[in-house]
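Q: My structure is below; once you've seen it, I'll send some questions.
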Amino acid sequence: MNLSACLAKLGKSVLLIDADPQAAATSGLGFQRVEKTIYDVLLGRCGAEDAILKTEVNGLELLPSCIDLAAAELELGDAKDREFRLAKAVSGIKKDFLIIDTPPNLGLMTVSALVASDAVLIPVRAEYYPLEDFAHLLRFLKALESKLGRGLRKMVLIAVRIQSLTFAQHHANPRELHLCNTHRKLMLAQRT
């Protein structure tokens, strides 16, 4: 949400797509109950343009979410195109940036967001287990790219919540130190 607002303040046109059933971006922008959401768009009840809301920030619009979105995976069941519905729904929207806020899992909404995206911004805590999860995520993204037959143009890792203590001060296990060094090298490679 903050990134979207900052881009809008810089004069860019931005659509923030709240693809998280918790709807934090939606409520954070001042909307509690809305008539149409991304859930309605994915189920074909309305077009994306019909659900988009103007926000108080000039240049920033929102495709809101709601808790009902949690049921979308079940409701769409085995629908052949379910991972592509979001991409199709927003394909005609002309903005400088479409930013998709996803839930912290690799379920349908995150996969749909990845299919609709050409770049990925990944915030990761600079700690052992989140970095280990990041390595799993990279493997998942490679498999998804292979399935889609195209790659993501850009991938950016953003380290958040960096602690001043080093990993070695927390863990003495040599195997964990080796994994930490491997992930550190991976992070450096991703930044270049």
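Q: Please give the number of the condition Ile67 fails out of (1) under 21 Å from Cys46 (Cα atoms); (2) surrounded by 17 or more Cβ atoms within 10 Å (Cβ to Cβ); (3) of a type in the set (Val, Ile, Thr).
A: All conditions are met except number (2).
Q: Oh, and also: Considering (1) at pLDDT 85 or above; (2) under 19 Å from the mean Cα position of the chain (by Cα), say which one Leu148 fails and leave the rest.
A: With (1) at pLDDT 85 or above; (2) under 19 Å from the mean Cα position of the chain (by Cα) applied to Leu148, the lone miss is (1).
Q: Something else now. For the stretch 89-110: of the residues being among the hydrophobic types (A, V, I, L, M, F, W, C) and buried (at least 18 other Cβ atoms within 10 Å of the Cβ), which is nearest to Val41 (Cα to Cα)?
A: Checking each candidate, the answer is Ala89.
Q: Given the residues Phe140, Phe134, which is the only one that is surrounded by 17 or more Cβ atoms within 10 Å (Cβ to Cβ), farther than 19 Å from Val14 by Cβ and touching a residue at least 24 places away in the same chain (Cβ under 8 Å)? Give the steps one after another, and end with the answer.
A: Numbers: Phe140 fails: surrounded by 17 or more Cβ atoms within 10 Å (Cβ to Cβ).
Answer to the check: Phe134.
Q: Hey, another quick one. Only one of Leu86, Leu76, Leu60 is surrounded by 15 or more Cβ atoms within 10 Å (Cβ to Cβ), of a type outside the set (Val, Ile, Thr) and touching a residue at least 60 places away in the same chain (Cβ under 8 Å); which?
A: Checking each option against the conditions leaves just Leu86.
Q: Sticking with this one: Return the pair list, or none, for Cβ contacts closer than 7 Å from residues in the stretch 90-113 that are not assigned by TED's automatic domain parsing to the domain that holds Leu138 to residues that are part of a helix (DSSP H, G or I) and basic (Lys, Arg), at least 6 apart or on different chains.
A: Leu108/Arg82; Ser112/Arg85
The values are calculated or read from the model by the stated rules, or taken from the named source; none is laboratory data. This one's a predicted model, so the numbers in the text were calculated from it and none came from an experiment. Here Cβ is always computed from backbone atoms with ideal geometry, including for glycine, and neighbour counts include all displayed protein chains.
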